[in-house]
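Down below is the structure, laid out as structure tokens.
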Amino acid sequence: MSDFISQQKELYGENVGFDISELLAKPYDKELAGKLYNPLKPMENRITDIGPPHFLQFMPEVIKKNYGKWKTHEIIQPGVIKYTSETGDVCFSVRTGTPRLITTDFLREVADIAEKFCEGSVRWTTRNNIEFHVTSEDALRSLLDDLKARKHPGGSLKFPVGGTGASVTNIVHTQGWVHCHTPAIDASGVVKAVMDDLYEYFGSHKLPAQVRIALACCLNMCGAVHCSDIAILGVHRKPPLVEDDRITGVCEIPLAIAACPLGAIKPATIEVDGVKKKTVRVNEERCMFCGNCYTMCPAMPLADGQGDGIAILVGGKISNRISAPKFSKLVIPYIPNEPPRWPSTVKAIRKILETYSAGANKYERLGEWAERIGWERFFEKCEIPFTEKSIDDYRLAYDTYHTTTQFKWSVHTDNL
Amino acid sequence: MADVKKHDTPMCDELKKGPWPSFVDDVEQRGLHGKQECLDMLGQLELSYKHKETHWKHGGIVGVFGYGGGVIGRYSDVPELFPSVAHFHTIRVNQPASKFYSSAFLRKLCEIWDHRGSGMTNFHGSTGDMVLLGTKSDQLEPVFFDLTHQMGCDLGGSGSNLRTPSCCIGKARCEWSCLDTQAICYDLTQTFQDELHRPAFPYKFKFKVSGCPNDCVAAIARSCCSIIGTWKDDIRIDQSAVKAYMGGEIKPNAGAHGDRDWGKFDIQKEVIDLCPTKCMWMDGDTLKIDNRECTRCMHCINVMPAALRPGTDVGATILVGAKAPILEGAQMSTLAIPFIRMEPPYDEFKEFVDKIWGWWMEEGKNRERFGELIQRFSIQKFLKVAELKPIPQMVKEPRSNPYVFWSAEEVEGGWKRDIAEFRKRHAA
């Protein structure tokens, strides 16, 4: 590690963010920005292009010392991974779920825990989990006891431990109705409802393999759920409205037209009070409800309380383990929005998860299981009605059609 | 305690129940400790639960001087009901690589955000930034000055920029990493600051760095340029540990399946038979691997981490073009460079990046992702631009149609022909 540290220092030691400990040690000066920022001379005192702080300064000693020397690891209980180094050092990593949407109150509590047990260091995972690092069994036990006792006023855990191994780990998700302008569904509320229901699978290792659930609240998929074991996706089902009286003021009409991948938006001229006005018309038969027009043009809203809801896609994966990464496939085209607890969605996901859990082999991901038993059997076992909506009719659709006489008899063919 | 007004939120309150951490409780408590924005956000969320529609307006261009990204404009469409969140702009702050923090860092960020914003955050946004959720237009410059002057932090990417690069934990805490993922992520972020802050691309561009083919940051699904660690030499084997797994002394898959009885560990069934290339076998009680046939899927290493480790002749596989469905459908990254060394200053890799960015900026249409550009032209065009040699590793199988775009130079005698000469041989 010392070689790596010195190399990093040599390469980036001059960067502002290489060591910010002095900056952090100073108390926050609420007045400073007001003194430095001059709206009349906006470039005055402006620091730009410094990039993120360098990562090394935040790592605990055991991580720095054993950088590149880790030898093996063992999950000693759900949520706790013991890493062993070639140097003989060990590091216990304790993983806890979070709702991703967190306040400064919560962040300060994380800082408290980090200071109490972890030399003030803490990290987040890609899936919105927090990881605390300790180096002794005693510290580990005290940390776990401490985390278990921390609860919100309503009784929910602040730091549920789990998310390792053959579990349902934290759901990665988007903003939903908390903060976004294009969503078809909420994100945080749906995630809370689903994770409450699947909580037993977060803190245990009883599934055949890890199950990655992700939620994106519209087709833009800023949460990129397209390669998840189970994807919860917000969908619209009504074509965009067109605000004729506003569109030229807020949109570039050619951009709105070009935004439609199916060419369903055409320019139009209408007459309002004897004055000709440029606008657009939508060929509603052609609309696939992607919402790209609304992204480009605020005068074409799609959101609708009755139209919007959830589609469930399953069987995707990222890892290259055994089989290649896979896309998630659409198996339930629509479930209505049911705030605040989305019971139909919660039920549908549990059914898929438990059917998979009962039928899959050890190490088999959900998509690998579905492919092994056949999608006809997947629909049969999960008791999901198969509809034309699960048959692709977009680009490259043909690649998904069966062109063989090899298929299985299932409930779909039993009446023939 | 500050004077704050709590709205009636019976549906949101339902989400205080149950074991999973309640964002409603956290946000409400922060509100009751003096942040009206938190209570107004919950009030507006309650209204969305009632209407089943969002109440956030479409964008609006806001930002800090000299940058074209990092801030996303957001306004309430019911500001009269929830005035403290009438403006509710998001600020993306570039996270340190692989998201380690000190408590001092978190505390100072909290002080800034309590003073100048809503007190709500996302740790983290989907791309990896720390997200400061909700502030007013007049606070954007002060937040930026506070971040740069008092924390040594900078904004992340948004819009048609390079988005904030991200990486897995790498060698810091993982024995499988074939790359210094943090170092690569940090270097690329610093090298391309201009591209990150000032929109010059047709659309967003993402780098993600995973240390091994397990791909913990989803590089292959989520990045325009996926950098994934791999190795060229042999998997390292500790035969005594293999025997320990077979004897049941070490739990398979690091104990990942401990809460269910899957029976005694069977190396034949659980490792050798599941190997996708069938390149492993037992020779007596010795595990053998034909490494030339291995495709480095990680399964055997995942199952027996104490016995098997990736080789030591390491580098990266580079794949390009992943994206979510909008617009032409979801794509995963396509293999471009099977193996490249990733050592500072990463010149060879950066030359590759320059070539593909040059092509994309020249030819890309507005809001066309890099993966879509390749689809619209062709892989062949991409290979030419990137000066890469076609190799069979780039395809699952050769094409099944015969529509080859031959060029005149490739065909003997070229394409210039004389119809009169043709007709001398063939009557019309």
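Observations on the model:
- Sorted into 5 angstrom bins from 0, the C-alpha pair distances of segment B:309-411 split as 2, 10, 18, 21, 19, 15, 8, 4, 1, 0, 0 percent.
- Residue-averaged beta-carbon neighbours from other chains (10 angstrom radius) around A:206-215: 2
- Sulfur and carbon atoms: percent of accessible area, segment B:10-149 [1.4 Å]: 56 percent
- Rounded to the nearest 20, the Cβ-based charge dipole of segment B:10-149 about its Cα centre (Lys and Arg +1, Asp and Glu -1) stands at 320 debye.
- An ellipsoid equivalent to the protein assembly as shown, defined through the eigenvalues of its Cα gyration tensor, has semi-axes of 38, 37, 30 Å when rounded to whole angstrom and sorted largest first.
- Summed over qualifying helices (DSSP H, 4 residues or more, each -39500 (n - 2.57)) and divided by its residue number, chain A shows a 222 nm mean residue ellipticity of -7500 deg cm²/dmol.
- Highest average first, the peptides B:86-98, A:355-367 ordered by how many other beta carbon atoms sit within 10 Å of their residues are B:86-98, A:355-367.
- Fraction of accessible area attributable to carbon and sulfur, chain A (%, probe 1.4 Å): 52 percent
- Size-normalised alpha-carbon gyration radius of segment B:179-301, reference 2.2 N^0.38 Å: 1.43
- Stokes-Einstein D (µm²/s) once Rh is taken as the Kirkwood radius of chain A over alpha-carbon pairs, at 4 °C in 1.567 mPa s: 51 µm²/s
- Full extension of the chain segment joining B:Lys424 with B:Ala244 gains 56.6 nm, where the gain is 0.36 nm per residue of separation less the Cα-Cα distance.
- Residue mean of other protein chain beta carbons inside 10 Å, A:74-81: 4
- Unit charges at the beta carbon, dipole of the protein assembly as shown: most positive-side option, A:Phe386, A:Thr404, A:Pro42: A:Thr404
- Shielding by partners for peptide A:199-205, expressed as the average number of C-beta atoms from other protein chains within 10 Å of each residue's C-beta, is 3.
- Label sites at A:Glu137 and A:Glu61, each approximated as a point 7 angstrom past Cα along Cα to Cβ, lie 2.2 nm apart.
- Of B:Glu37, B:Glu397, B:Glu249, the residue with the greatest mean-square motion in the GNM of chain B, using alpha carbon springs below 10 Å, is B:Glu397.
- Among A:Phe106, A:Phe92, A:Phe117, residue whose mean-square fluctuation peaks in a GNM of chain A (springs only between Cα atoms under 10 Å): A:Phe106
- The convex hull built on the alpha-carbon positions of segment B:242-366 has an orientation-averaged projected area of 11.8 nm².
- Average silhouette area of segment B:10-149, convex hull of alpha-carbon atoms, in square nanometres: 9.5 nm²
- Total accessible surface hidden between B and A, rounded to 100 Å², 1.4 Å probe: 13200 Å²
- Rounded to the nearest 20, the Cβ-based charge dipole of the protein assembly as shown about its Cα centre (Lys and Arg +1, Asp and Glu -1) stands at 1180 debye.
- Dipole orientation for chain B: of the candidates B:Ile337, B:Ser378, B:Gly43, B:Ser378 has the Cα lying most toward the positive pole (charges on Cβ; Lys, Arg +1; Asp, Glu -1).
- Kyte-Doolittle mean at least -0.5 and Cα axial length at least 18 Å: DSSP H helices in chain B: B:36-51, B:103-116
- Computed with the Debye formula from one identical point scatterer per Cα of segment A:261-416, without solvent, the log10 of I(q)/I(0) at q = 0.14, 0.16, 0.19, 0.21 Å⁻¹ comes to -0.91, -1.09, -1.33, -1.45.
- Chain A, dipole about Cα centre (Lys/Arg Cβ +1, Asp/Glu Cβ -1), debye to the nearest 20: 400 debye
- The C-alpha atoms of segment B:236-309 occupy a region whose extents along the principal axes are 36, 22, 19 Å, arranged from largest to smallest.
- Measuring from each cysteine beta-carbon in chain A, the ones with no other cysteine beta-carbon under 4.7 angstrom are A:Cys91, A:Cys118, A:Cys180, A:Cys217, A:Cys218, A:Cys222, A:Cys227, A:Cys260, A:Cys287, A:Cys290, A:Cys293, A:Cys382.
- Seen from every direction in turn and averaged, the convex hull around the alpha carbons of chain B projects onto 31.9 nm².
- Chain B: calculated mean residue ellipticity at 222 nm from DSSP helix runs of at least 4, using -39500 (n - 2.57): -8500 deg cm²/dmol
The values are calculated or read from the model by the stated rules, or taken from the named source; none is laboratory data. Predicted model only: the values in this text are computed from it and were never measured. FYI the Cβ positions are ideal-geometry reconstructions off the backbone, even for glycines, and counts take in every protein chain you see. With ligands, DNA and RNA removed, areas are computed over all heavy atoms of the protein, side chains included. Shrake-Rupley method; radii C 1.70, N 1.55, O 1.52, S 1.80 Å.
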